[in-house]
């Protein structure tokens with residue numbers, strides 16, 4: 001069965017190195033916490049708020065060892081007034097037998113405010 005694993009993080013400034021480091025950190029933490037191996041990933045969709053434009057976050061996922069062939073795509077999130085700035089979101093589609101309510105979604109940095117109900121204390 002395919003399950004969606006969500007994650008989000010923020011960066012302090014729109015700089016290529018910050019985008020790549022934060023995206024890779026988030027993807028690796030999502031994989032670690034949920035015991036995800038690259039061969040179990042059907043696809044990854046990454047969205048950014050419109051103020052993140054200096055690098056493709058997908059590059060960060062493709063450079064993780066063993067993840068070179070995982071299909072990854074980037075896009076911009078909707079521009080909504082008062083939304084969290086400089087935010088990077090990941091939706092990972094994973095083949096797993098884990099129940100929906102057992103999937104651990106990961107929120108880092110300022111993104112913990114997006115879904116406090118899902119953030120592990």
**Complete:** Of the listed residues (13, 60), the one being at pLDDT 95 or above and out of contact with any strand residue (DSSP E or B) (no Cβ under 9 Å at 6 or more places or on another chain) is 13
**Message:** I'd like the residue in segment 73-111 that is in a loop (DSSP other than H, G, I, E, B) and within 12 Å of the chain's Cα centre (by Cα) and, out of all such residues, is surrounded by the fewest Cβ atoms within 10 Å (Cβ to Cβ).
**Reply:** 108
**Asked** Which one of these does residue 32 not meet: (1) out of contact with any helix residue (DSSP H, G or I) (no Cβ under 7 Å at 6 or more places or on another chain); (2) in a helix (DSSP H, G or I); (3) crowded, with 18+ Cβ neighbours inside 10 Å?
**Response** (3)
**Item:** Some residue of segment 56-72 being surrounded by 12 or more Cβ atoms within 10 Å (Cβ to Cβ) and assigned to a strand (DSSP E or B)
**Value:** yes
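Taking the stated definitions as given, is residue 64 in contact (Cβ under 8 Å) with a residue 24 or more places away in the chain, over 28 Å from residue 102 (Cα atoms) and out of contact with any helix residue (DSSP H, G or I) (no Cβ under 6 Å at 6 or more places or on another chain)?
No: the conditions fail for residue 64.
The values are calculated or read from the model by the stated rules, or taken from the named source; none is laboratory data. Just so you know, these numbers come straight off a predicted model, no measurement behind them. In this analysis, Cβ positions are derived from the backbone assuming ideal geometry, glycine residues included, and neighbour counts consider all displayed protein chains.
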